[in-house]
1. How big is the equivalent ellipsoid of segment 452-541 along its three axes, where each semi-axis is √(5λ) from the Cα gyration tensor, reported in whole Å from largest to smallest?
2. Report, in whole Å, the centroid distance computed from the Cα atoms of segment 48-85 and segment 521-536.
3. Which pairs, out of K381/K514; K210/K442; K381/K535; K210/K536, put more than 23 Å between their alpha-carbon atoms?
4. At 1.4 Å probe size, with the rest of the protein present, what percent of the exposed accessible area of the chain is carbon and sulfur atoms?
5. Principal axis lengths of segment 163-268 from Cα atoms, whole Å, largest first?
6. Based on the Cα gyration tensor of segment 337-448, what are the three equivalent ellipsoid semi-axes, each the root of five times an eigenvalue, rounded to whole Å and given largest first?
7. Please report the orientation-averaged projected area of segment 33-125, defined via the convex hull of its C-alpha atoms, in nm².
8. Using a Debye calculation, one point per C-alpha and no hydration shell, please list log10 I(q)/I(0) for the chain at q = 0.06 Å⁻¹ in order.
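The values are calculated or read from the model by the stated rules, or taken from the named source; none is laboratory data. Given the structure is predicted, the values throughout are model-derived calculations rather than measurements. Areas reflect the complete protein model, heavy atoms only, side chains present, ligands, DNA and RNA absent. Shrake-Rupley method; radii C 1.70, N 1.55, O 1.52, S 1.80 Å.
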Amino acid sequence: MTRTGFVPWPEHLAREYVAKGYWRQRPLGALMWDWAEAYEDRVALVDGPHRLTYRELAETADALAEGLARTGLRRGDNILVQLPNCWEFIVLVLACARLGVAPVLALPPHREHELTHLARLARVTAVVAPDRWRGFDHQTLAEDVARDRGDGCRVLVVGDTVRPGLTDVRTLLDRTGDPAARRRRLDSSAPAADEVLLFLLSGGTTGLPKIIARTHNDYEYNARRSGEVCGYGEDTVYLAVLPVAHNFALASPGVLAALMCGGRAVLMPSPQAAAAFAAIERERVTVTSLVPAVARRWAQAAVAGRPDTSSLRICQVGGSVLSATEAAELMAGLPGRLQQVFGMAEGLLNYTRPDDPDDTVLTTQGRPICVDDEVLVVDEKDVPVPAGRPGRLLTRGPYTPRGYFAAPEHNARAFTPDGWYRTGDVVRRDAVGNLTVEGRTKDLINRGGEKISADEVEELLRALPQVAEVAVVPSPHRELGESVCACVVLTAGRTLDLSEVRRSFHERGVASFKTPEVLMLLTALPRTPVGKTDKKELRKLAGEAHVPRQPAAPAQPAPLQPF
Ligand code: AMP
Ligand code: DBH
């Protein structure tokens, strides 16, 4: 059962990946039962007071799979899932895997602007949302998104106060009846392993967010091989503080790899340091993953008295650029050993290895996980550059799909005709294959690890009558690294201030992390000799305007949204 819009790997490579054992040809739902049989009563998942053993996890996922089927969901359907870190999220992903329903993993801060687009793009037949999250009513939002999709689209809610007329996910978890019979029924209609398991979001570089279809085969490998590289085993306790809707926390190696090897995953709703440290002590956490902005907070928080975090062996940091100086600060200040991670929802994963020398861990973002990850570092004409020189990173491999879902025009630019993904990252590769991220060619803002397409924000700004011309560039941000700076030339006779911009984004239902935090009014946009907007010049201006020479300590720490 193929989904229209999915770009498969070439046949001969698919056979090779199977022959080499990368692709196991077993859907994740079947593997879930292998784990349950191997690890039975060991605790698999912890979310506050909720603790699920491997057997409970598998039985609950099966129960939910049949519950979802009762609402009309079928193999081949896509659904939109917007949930914070909670045990229901993981059970839902496994239940979907069992049925062959593919969830699109939206982030909790996404609003109508993003969700409506994603729901249309994947033609979803249901929307799953929390009742409320961080003071926001997600049920109303989910209803609006479902209405836009038409009559057949249902709303399923996770929470204590589900509105009448909507489906309470917990009522679908009915575990009465014979689990073995249920398991047989689900086995008989299981998806094939080369079908779509789930859709990850890409920050993307153009227009609205793109989605990446990941198959059972490739995503299982993504997690399993990451786990091997990071030394995962039965004693692994992984703490998820970043959103599990992200590839990093879900499968790099994250929650999925912990479950594959008999370890344990502990879910936290936020990366707040004090709560996370307490959880590390309580659950004897051995590994976690952070973006640099959160890692810096943790390192600072670690200075003051803290709980016993000695169980933490590995502290992964990735998602946005980390200088060698910052890496050294983190290596000294974080609990556990620093591991750098350079990953992408599009596939290729690089890790420094736990036994790498300090120098490698401090100055590189690691190397790929698979010998069949192909890496090219090229100049602007796609000609390979000598080792050690910076260039554009292209990649192909067994867990790097050959195109975004249902985006042929974008794919023609983002992939070469022979299937290389143009990552948009500028890297240097050393003699042993370690990559150091030097910069990027793609036009986005990396706000504390969350990617924002400049193009998308420019479109939103252009819709304002006050705006004659616009360009969006990153503005340096003390904590998050970058934030969104809008450079605007006003329409004659009009005025505009930042609060108006922010209000208008809010009213149009745009995720708050994409909303400009800096507004720079200009009489004209600088141009390059060929007449294009000179973003390099604008980045420079944004930098000069907004980096205080002496960084002032904020009275209140800025919120680390979206995490
Ligand atoms: P996405 O495509 O939205 O999943 O974002 C992946 C992108 O995040 C990569 O292509 C890089 O631009 C960026 N990224 C991820 N990890 C790192 C890292 N350790 N250092 C610098 N950039 C990173
Ligand atoms: O930034 C990312 O997208 C990312 C970072 C680290 C990622 O997708 C991953 C690891 O898997």
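1. Working: eigenvalues 75, 60, 25 Å².
Result for segment 452-541: semi-axes of 19, 17, 11 Å.
2. Between the Cα centre of segment 48-85 and that of segment 521-536, the gap is 51 Å.
3. Details: K381/K514 32 Å; K210/K442 14 Å; K381/K535 21 Å; K210/K536 25 Å.
K381/K514; K210/K536, as the Cα separations exceed 23 Å there.
4. Working: 11510 of 22380 Å².
Carbon with sulfur: 51 percent of the solvent-accessible area.
5. Answer, in whole Å and largest first: 42, 42, 31 Å.
6. On the way: eigenvalues 112, 46, 38 Å².
So the equivalent ellipsoid measures 24, 15, 14 Å along its semi-axes.
7. Working: hull surface 25.6 nm².
Projected over every direction and averaged, the Cα hull of segment 33-125 covers 6.4 nm².
8. -0.28
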